[in-house]
1. On a straight-distance basis, which lysines could pair with A:Lys575 in a cross-link, Cα separation under 23 angstrom, same-chain partners fewer than 8 positions away excluded?
2. What is the Cα radius of gyration of region B:78-176 over 2.2 N^0.38 Å, N being its residue count?
3. Could you tell me the extents of region A:462-505's C-alpha atoms along the three principal axes, largest first, rounded to whole Å?
4. Which whole-number value in Å³ per residue fits the convex hull of the alpha carbons of region A:191-245?
5. Summing +1 for each Lys or Arg and -1 for each Asp or Glu, what net charge is found among the other residues whose Cβ lies under 10 Å from the Cβ of A:Ala70?
6. What is the ratio of the Cα radius of gyration of region A:232-350 to 2.2 N^0.38 Å, where N is its residue count, to two decimals?
7. Sticking to Cα atoms, compute the Rg of region A:373-449 to one decimal and its Dmax as the biggest Cα-Cα distance, whole number, in Å.
8. Percent relative contact order of region A:52-171, based on C-alpha pairs within less than 8 angstrom and at least six residues apart?
Amino acid sequence: MSFVSLSLSNRGPRHILAVAALAVVVLALGGCRERPSAHASAAPGADTVDARPAAAPGQVTLPAGITPAAGDWPMPSGDFANTRFSPLDQIDTANVRDLRLVWTFSDGNKQGHESAPIVIGSTMYVVSPFPNYLFALDLTRPGAPLKWSYKPPYLSAAKGVACCDWVNRGPAYADGRVFFTTLDNQVVAVDAEDGTEVWRVRLGDINRGETMTMAPLVVKGKVLVGNSGGELGVRGWLTALDAETGRIAWRAYSTGPDSEVLIGPSFKPFYPQDRGKDLGVQSWPPEAWKMGGGTVWGWISYDPTLDLVYYGTANPGPWNPELRPGDNKWTSGTFARDPDTGEARWFYQWSPHDLYDHDGVNEHVLVDLPVDGRTRSVLLRPERNGYMYVLDRATGEVLSATPFAHITTSLGVDLRTGRLIPNPAKVPKTGKVVREICPAAPGAKDWQPSALSPRTGLLYVPFNNLCMDMQGTQANYIAGTPYLGAITIMYAGPGGHRGGVFAWDPVARRKVWSIDERFPAWSGVLATGGDVVFYGTMDRWFKAVHARTGELLWQFRTASGIVGQPITFRGPDGKQYVAIFDGVGGWAGAVVANQLSASDSTAALGFVGAMNDLKQYTEQGGTLYVFALP
Amino acid sequence: MSSRFRKARAVWGLVALGLFAACDREERRFREIPPGATALPAVTQNDANQPGPFIRDPEIRNTYEENAWAISEGNWLYTQWNCAGCHSPRGGGGMGPPLMDSLWIYGSEPENLFQTIVEGRPNGMPAFRGRIGNADVWKLVAYVRSLAALTPMDTRSGRTDDIHATTPTPQTDANLPMARRIPPEQRPPGMEAP
């Protein structure tokens, strides 16, 4: 692995410029063949690349004890640090234009495919959207034939309480077993060899509005899973199941008394507003914490040295903030917990008394990097509220919070107090319409996960560019039905593009390049050792771009829009493969996945307002595509 | 009788007739048997597929569809029972399928919708039996059908009271069509000039 030597060690500035100029010329000549046809890149504002010298690599390193996926793809997030980086470099910026489709697989399901396949040894495992069938594919034989499939028994009625399409974000593997969640609140352990069920437990109740969509994370023999349903007044939790037996080892609620939130003597939050007794009750109107949300449906990271898991909690319920005065702990925030006991170590609230459904469930990318000249162990967090946060992952201290999106909802983050400063002009009120709330409810980035390359030192972030108008209304809590109190209409933010992908330098704290896409970039991102970054668009393009410049190197037109997570692995034949599911859907794609009426801008909790032309670009689908070099 | 008196009587007669005809649309009925309470068949046809010649159920007339107040009550119930949360305030759908389009998974006849609400449906529609009173269910049925424009036009609300895509512009003389502009000398004091 060779680094491009742009390091600012003992060279003068002129030398740097010469090297950079040479590099640009080399890239322009070598990387840029016949551009894909005009029809292909015709997205409005397509491929705006703002190339500035990339970060000095080597400054951003992975934490001790973290090994990125190298050959396998053992979990959707790639590794415990959530880098979604693979050192595999057979596919690189020079040859990726020759990437071709090798085989495909349809899981027979047409809902939104937000999932990631995982690859263990010579077997690939994929989970379909609900009813969540698990398939094992044999990579040793041409065309990857089906080894076995496992189809859990399911409750069809779960579809009635799923806010955002019937998605599943992927399986997990540990010790010869594959684990996954189902929409109807089951967690299943299946033997990885022969597909027999080892155990299956039901952890939630659809009659309370609960569902499950997340990819589990297995840490030290415990399967960590959380629930969904913040739009239905569900009380959120993270549960650890014993991987052997499926029994509950511990459960940490996101609201309520300290004993249920597993806050005890080892809890040392960095900021004073997070210290006190039973804040999960006190920061709510009486009893409101029981329908308070804070569900856990996003990504979990693990630091093996500090022995802490990091995960975020979702929005408080109901959406209308006037109905729940108080900071609404412990919603829209991140917990650091001991994986053995679940005890909380620290907590930081991204959006106290959240006003806009800004769930706090996004990924934490664990890295070590310099802050003010000193190397710190941090987590990077592209947050829904539009700020790129750097937190000390040992203490929860906010080291920086830099806007990466157009923001009208807040005036900044006060680093002294750690609090987000809301914009009083944009606070939603009952009976009143507040307009131009940016970022909108899906945030500047929703669940769609970013990727980090230790080679370039850059974080590659799929983003949304959405604003919304919001009207507060009365909300009635009826278990198993939506508990919202808000009507919203979303639309494109400034510029007219509804999303894209940008590269972020976490040391310099700025964007290095940015690509606009027509629709929100609702897919995950993959970074590889060949300096290629992969992502998919909702209008059916699977793209490979240059990690350092964002230049489009290759793209493939899939049958349906892409909202899945790309992965890469080394096959038994030694070749590097890249895999992605198509099948548009999720909250952003609901207008197609659930056949909604595009003329109602308030449909799908307001998202249809921003997506009413999606049907012109894609229909439903559900096929896995696997690519390799010839 | 002078012709003028006859004319006046005719005019007043027409006015009285008009008032009575309009009465039913606005009437607020507080005590009545909900439509279909006795007429609802024990088994309702949900599907067009029948072996042999098609036998149609007797049509159930939901008289609430002809009453603007009932449909407006249905609108209120639609919000209060959280139908709006799943099906969207205007019926575009979300967690639940759209109600404003022409695709009806379980049928669009009043009795189909009544059963859908009361019994629930296999793919996630909750059963509200015993929770929503029958009269209210029929009002909801009327409102849902109005979302899909299956009810008479004159009983539907002219516009929604909720959020619009843009802030409504206040009507001033400048944005009234020419024919409706009031000449300056006839404007009441305080009315905006163009």
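1. Reachable lysines: A:Lys147, A:Lys543.
2. Numbers: Rg = 15.7 Å, N = 99, 2.2 N^0.38 = 12.6 Å.
In units of the 2.2 N^0.38 Å rule of thumb, it is 1.24.
3. 44, 19, 15
4. Working: hull volume 5.0 nm³, N = 55.
Value for region A:191-245: 91 Å³ per residue.
5. Values: positive: A:Arg570; negative: A:Asp72, A:Asp79.
Its environment carries a net charge of -1.
6. Working: Rg = 13.7 Å, N = 119, 2.2 N^0.38 = 13.5 Å.
So region A:232-350 has a normalised radius of gyration of 1.01.
7. 14.2, 50
8. Details: 168 pairs, mean separation 26.7, N = 120.
Relative contact order of region A:52-171: 22 percent.
Any read-out appearing in this document is the output of simple, stated calculations on the displayed coordinates, not a laboratory observation. These figures come from a predicted structure and were not determined experimentally. As a convention, Cβ positions derive from the backbone with ideal geometry for all residues, glycine included, and neighbour counts pool all protein chains shown.
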